[in-house]
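**Student:** Encoded as structure tokens, here's the structure I'll be asking about.
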Amino acid sequence: MQVRVIITLIAGITFYLLFSRDLTHIFHKLFSQNIERLKKVTAASQESGLPPAQSMSVPILGSHRVDTAEMVQPPSVTEQPTRLLDKR
């Protein structure tokens, strides 16, 4: 019986914290300094004088077309043994 009460209390507190503004406020206090530092680092890297990204065109796979009507049909498997038998 006591285990159920403890589990219910933990679930209730967790639910309250997840959907309350208090948790948002706590996270903002904890991580606002890190977010500001990250913004400064990304701004500094953009000002470093690197050239803008460039793109290169890549040929599409399978763009080389083959006219299958011009391909020679491979010989039959039985064609050569038949010729050998005809020679005898």
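The values are calculated or read from the model by the stated rules, or taken from the named source; none is laboratory data. Since we're looking at a predicted model, the values are computed, not measured. FYI the Cβ positions are ideal-geometry reconstructions off the backbone, even for glycines, and counts take in every protein chain you see. Ligands, DNA and RNA are excluded from the accessible area calculation, which covers all protein heavy atoms including side chains. Shrake-Rupley method; radii C 1.70, N 1.55, O 1.52, S 1.80 Å.
**Student:** Pairs, please: C-beta under 7 Å, at least 6 apart or cross-chain, first residue free of Cβ contacts under 8 Å to residues at least 60 places away in the same chain and in the range 19-31, second open to solvent by less than 90 Å² (accessible area, probe 1.4 Å)?
**Tutor:** Leu23/Leu17
**Student:** Can you tell me which condition Arg65 does not meet? The list is (1) surrounded by fewer than 10 Cβ atoms within 10 Å (Cβ to Cβ); (2) at pLDDT 80 or above, and all the others hold.
**Tutor:** Tallying (1) surrounded by fewer than 10 Cβ atoms within 10 Å (Cβ to Cβ); (2) at pLDDT 80 or above, Arg65 fails exactly one: (2).
**Student:** Follow-up question, since we're still on this one. All but one of (1) modelled with pLDDT of 75 or more; (2) open to solvent by 100 Å² or more (accessible area, probe 1.4 Å) hold for Thr82; which doesn't?
**Tutor:** Condition (2) is where Thr82 drops out.
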